[in-house]
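What follows is one structure encoded as structure tokens, with my remarks underneath.
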Amino acid sequence: MMGAPRAPGTVMADSSDILARLADTLATRLPANGGDPQGSYVAKLLAKGPDAFLKKIGEEATELVMAAKDAAPDRVVAETADLWFHCMVALTHFGLRPEDVLAELARREGLSGLEEKARRAT
Ligand SMILES: N=c1c2ncn([C@@H]3O[C@H](COP(=O)(O)OP(=O)(O)OP(=O)(O)O)[C@@H](O)[C@H]3O)c2ncn1[C@@H]1O[C@H](COP(=O)(O)O)[C@@H](O)[C@H]1O
């Protein structure tokens, strides 16, 4: 069950490993791990295959853009959560973990996007 919505800017005390805990839950929904499409939204999505969760990623990205265009911070937070969640379903399908993405961001830390682009051009 999902938690109650919170105002933007408030941080839960135990939020630091929420991505890892969510990934653990999502992995249990894989067909290979006995995920039951009758009793789980995630299992249903994973059982349908990539087209289903890729469609959701496209929808949630569009909804985030619309929330941002409306300058609605509460909706930006909610739509970003929807987008991250569905991206995590995709990671689960591919046997990947949020830690893989965080490691990639850590690898990029401190390297300006302008500098990285200039390196690619040479
Ligand atoms: N974080 C989420 C989460 N975020 C969003 N959603 C669901 O994602 C669905 C799609 O969102 P939409 O706004 O598009 O709603 P919709 O129009 O009804 O969706 P569709 O019918 O078009 O797919 C909704 O049913 C949301 O409830 C989530 N469902 C589950 N989780 C987490 O995943 C865990 C496992 O979920 P189950 O596998 O369903 O038990 C949960 O305990 C939660 O921690």
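Points worth noting:
- Per residue accessible area in Å² of the chain, where ligands, DNA and RNA are left out and the probe is 1.4 Å: 72 Å²
- Rounded FRET efficiency, nearest 0.05, which uses the C-beta distance separating LEU54 from GLU115 and R0 of 30 Å: 0.40
- For segment 17-118: span of alpha carbons on each principal axis (Å, largest first): 47, 33, 26
- Estimated [θ] at 222 nm from DSSP helical runs (n ≥ 4, -39500 (n - 2.57)) normalised by residues in the chain, nearest 500: -21000 deg cm²/dmol
- Rounded percent of accessible protein surface that carbon and sulfur make up, the chain, 1.4 Å probe: 62 percent
- Angle between the chain longest axis and helix 98-108 axis [Cα atoms, degrees, rounded to 10]: 0 degrees
The values are calculated or read from the model by the stated rules, or taken from the named source; none is laboratory data. Note that the structure is a prediction, hence the values are computed from the model and not measured. Ideal geometry is used to build each Cβ from the backbone, glycine not excepted, and the neighbour counts take in all protein chains shown. Areas reflect the complete protein model, heavy atoms only, side chains present, ligands, DNA and RNA absent. Shrake-Rupley method; radii C 1.70, N 1.55, O 1.52, S 1.80 Å.
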